[in-house]
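So the structure is just underneath, and the comments pick up after that.
The values are calculated or read from the model by the stated rules, or taken from the named source; none is laboratory data. Predicted model only: the values in this text are computed from it and were never measured. Here the Cβ is made from the backbone with ideal geometry for all residues, glycine too, and neighbour counts use every protein chain on show.
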Amino acid sequence: MRTPLMASLLCLMMSAPARAAVPAGFAETGYSSSSLSPATGMAWAPDGSGRLFITQKNGVVRTVALKDGVLETQPGTSTLVTRTFATEPSVHTNSECGLIGIAFDPNYVVNRYVYFFVTVSPSEQRIVRYTDANGTGIARTEVITRLPTAGNNHDGGGLGFGPDGKLYWAIGDLGNGSGVDSDLTSLAAKVGRANLDGTPVNDNPFNDGVGPNNEYIWARGLRNPFTFTFQPTTGQLWVNGVGTGYEQVFVVGRRSHAGYNDYENNQPLGNDYITPVIKYRTNGSDTRSLTATGAVRSGGVTTFTTTAGHGFRKGEKLLLEGVADASFNGEFYVASANNAPGTTTFTVAQPGLPDATSGGGSAMTQTLGGSITGGVFYDATLFPPEYRGSYFFGDYNSGQLTRATLAADNSVATVDEWGTGFGANVDMSVGPDGALYTVSVTSGRVVRVTPTATAQKLVVSGLNPRVMEGGRAAFTVRLAQAPAAPMTVRVARALGGSQDLRVASNDTLVFNALNWNVPQAVVLEAMDDADTDEDTATFTVSSEGLQDEAVVATTIDNNSARLVLTALRLAVPEGGTATFDVSLSQRPTSNVTVTVASTQGDADLTVDSASTLTFTTSNWNTPRTVTLRAAQDADNVDGEATITLAIPGLDARTVQAVEVDDEPLPPSINSPPVTTAVVGVEYRHTVIARGRPAPTYSLVGTVPQGMSIDATSGLITWTPSAVGTVDVLVRATNGVPPDAELGFTLTVTAELGEPDAGTGNPDAGTSQPPPEEDSGCGCGAAPVAPLAWLALAALAARRKRSRVS
C-alpha cells in the first residue's frame, strides 16, 4: 500500500516540467527523453559533428545530435532522438557507482578514441576506451584496471586529458575515509595521471619505482572529486569537490594536497596544501560578526575585521548588514583575503565613498546549495563578451547554476547565483553552437541556454584548442543570425604564429539563410617537430562587415625526454650521504647529457658522485644514482641546498637537500592551530613540531573531555557535544630543554546539516536525488532505482542552516 509520502512523491514526479530561471537576456529550451535517465555526465564530440554524448549510470552511452542547428527531436515534440553508442558489459550500480565519467582523446579527430570511467564490481573501477566507428563504439579496450571502490559512494568519476596530453582521473575517499591525508599507497582520495597506454607517467610526483607509493598519484586529499575540467586558456585543472561542511573548487597542480579529511576550507599554508578558489557552505551559509571597530574605509577600499576566523575567499559575494554606519552595508565581493586559517580580515571595494570608521554588524555568504556538480569554462562567442572565460558550475541539491568571473591574474573576481530551477543537475557543457547545455540525473532532461537577442556576429566555439603533434583538432563556426545574402567566412593563421600549426581543412566557409545556424568544423593540424617546446598560433576568423574572432591553438608536444627523479626533497645525515635516482621519461632521439650541481644554499651539502650523467637511446630508462654528502659541522642547524639537474636546452629539475644535523635540538612548534569546531563533527588537527630527537606530544592542563592527541604524530581528535569555547594546551618534548607549548582557544559552533560521508545521503548527483521541479512524467519509464532514491531523499532531506560566529 502507498504511504502519503510516496503518493506525494509520485504526484511531484507526474507534474508538468517547470521552466528554469536564467538572467534577463537569456532563455532556456528544455528537451527530454526517458531513455537518458539516470544520466551521470555529458560531453560534446570535439570533431564538430554536433553530437552530444550522455553517460548513464547503468552503463549505456547514448548520443543526441544537432540537426539544422538545434537538437534533433521527434516531430512536433521536445522529445530527443537518441542513439546508443555503447553499452558496458558489466556495471556495478549501487549508490554512486556506475558509468560515471567520459573524455575524448586529444587526437580524437584522427583516432576516434573515447574513454569512460566505470565501476565494474563492488571492489574495482576501470577506465575503458572505445573507438567511435560512425557513431557506434567498437574495439573496447581496458586502459587502466584495479582502480579502488568500496562499491558505495565517493567513487569519483572525473576524467579528462591535460595540456600535456596525459590522461587524468579523480577518485574520492570511497565513502569510508580511504586514502585520505598523506596516504600515498592508495588511489582513493586522489587525482591520478597516466600515459595514453595506461602506464604510470614516470615524472608523477610520488613515483618511487618499487617503493610502496602508488605511481599514478598526481594530487591528493580529495573527499569526492566527482567532476573536474581543464581551463582552456591556461590548462589548469579545476576540481569540484563535494564536501561535508563546504563545497569547494580547487585549482590542482602537481603534488597538490586538498587537505581532506583533516581540513575543509581551513587548509594550512605550505607543505603542498592548497585552499579552495571557490567555496560555499554545504546546504547553508556562513555569518561572521564584525568587531566594534571592524569597518575601516580608506581610499575606496574597506577593511572589515571579524570576531572569529571567517574563511572567506576572494570573489565571494557577501551581504554586509547592521554596521553602525549604513554606508558600509550592502552586497559586495571579497577583493582580498589571506588564505591562512583563522584570518579575521578581508577587504571589499567601495569606490567613491569617503574615508570612515565604524563597526558592529555582520557579513553573510550566499546560499548556493549542498552538492556541487559539473563545471565548464565558457569558451565561445555566442554569449556577450564579458562571459568569455567565465566558470559555470551546478549544484545538485539546490538546482542552481553559479557563474564565477576571473580577474586578469586568473584569480576569482566574482561568484554569483546565475540560474535556478535546474533540478538534479549533474553536468554541463558548451556546445559547438556556443550554447550552454545542462543535463539532469533522473528526468532525462537536457536544457539549452542561449541569449535572447544577438546582433549578427561570428559564433565560434572552442577558442583555445590543443592539438597533438602529428594530430588534428577542430573548432566550429556559425552565424548568430540568418544573413540577407550568402556570407563567406575565412580562417587564416595570424602573423607571428608557429608554422607548425596550420588549417588542415575548411579555411573557407559559406553561410546562407538555410545553414547559418549549423556549426561548421575548421580542422587544425600540428606538424611533428624535433624540439620539446609548445608551439602556439592565433587563427583569425573573419567575414566582411563582422568583428574578427581569434582562436589560439597550442600544441601538445610529444617529443620531450624529461628528467624523472625518485626524490624531490632528500634528507642527508650530517657526516654521511644519501642518494636518489635519475632516468628519462622517454627514449631520446640521441644521447642526452645531464649536469648535476649544487646551485644554491649551504656549502656543507655537495654532490659526491659524478657531475654529469649520460643517457642513450638504449639505457634512457635505467636509473642512475646521484650521491649527496653533508659535511660534519659544529652547529645544530639543519642546512639546506638546491641541487639542480639539467639537460641543456631541454629540461631542468631541482632536488632540495636538507642536512639532518646530529646535535641535539629542543622542540619548536611551527604549525598554526585550527581554532574552530562543530558540534557532533569530529575535530582533527595535526600539531607539527621540530626537534632532535623527534618530539612526542601531550595535552596538558585542563583537557576537554574526550579530547586526545597521538603522542607520535601529534594528531588531536575530539568530537564536541556542546557550543562554547575550550582552551587547549599542547606540549612537545624530546628531552632537550626547553619543551615547546602551543595554547589556543577552540570555538565550537552549532551543528551542520547531516554529513553524507558513507551514509548514502544525496551526494554528487549520482545517488538518492531529491524530487526535481522539472522531472515531468517522462521518468515513469525510467528504471525503478530513481523512485527509491526519491523516497530515501525525502526521508533524509537536510534543512538549510546558517552558521554564525
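Observations
- Condition check for S671 on (1) closer than 18 Å to A711 by Cβ; (2) within 27 Å of the chain's Cα centre (by Cα); (3) exposed (fewer than 15 other Cβ atoms within 10 Å of the Cβ): one failure, at (3).
- Of all residues in segment 582-605 being β-branched (V, I, T) and closer than 17 Å to R653 by Cβ, the one that is surrounded by the most Cβ atoms within 10 Å (Cβ to Cβ): V594
- When Q499 is tested against (1) farther than 17 Å from P432 by Cα; (2) over 37 Å from the mean Cα position of the chain (by Cα); (3) surrounded by fewer than 18 Cβ atoms within 10 Å (Cβ to Cβ), only condition (2) is not met.
- Residue check for D581: in contact with a Pro (Cβ under 7 Å, 6 or more places away or on another chain) and of a type in the set (D, E, K, R): yes
- Matching residues, segment 397-424, being of a type outside the set (V, I, T) and closer than 15 Å to Y437 by Cα: G399, Q400, L401, R403, W418, G419, G421, F422, G423, A424
- So A324, is it in a strand (DSSP E or B), modelled with pLDDT of 95 or more and of a type outside the set (V, I, T): no
- Counting only strands (runs of 3 or more DSSP E) that sit completely within segment 423-540, those holding 3 or more residues that are under 30 Å from S33 (Cα atoms) correspond to 425-430, 436-440, 445-451, 458-461, 472-479.
- Within the option set A610, A571, being over 30 Å from A484 (Cβ atoms) and touching a residue at least 60 places away in the same chain (Cβ under 8 Å) holds for one residue only, A571.
- Here A292 fulfils each of the conditions (1) over 14 Å from the mean Cα position of the chain (by Cα); (2) small (G, A, S); (3) not in a strand (DSSP E or B) apart from (3).
- Taking strands (runs of 3 or more DSSP E) as the structural unit, those lying wholly within segment 171-280 and holding at least 2 residues that are in contact with a Ser or Thr (Cβ under 7 Å, 6 or more places away or on another chain) correspond to 237-241, 246-252.
- Any hit, segment 88-98, residues being part of a strand (DSSP E or B) and of a type in the set (G, A, S): no
- The residues listed here are A139, A65, A103; of these, the one that is assigned to a strand (DSSP E or B), in the same structural domain as I54 (by TED's automatic domain parsing) and in contact with a Leu (Cβ under 6 Å, 6 or more places away or on another chain) is A103.
- Residues within segment 731-742 that are part of a strand (DSSP E or B) and out of contact with any Asp or Glu (no Cβ under 7 Å at 6 or more places or on another chain), tallied: 3
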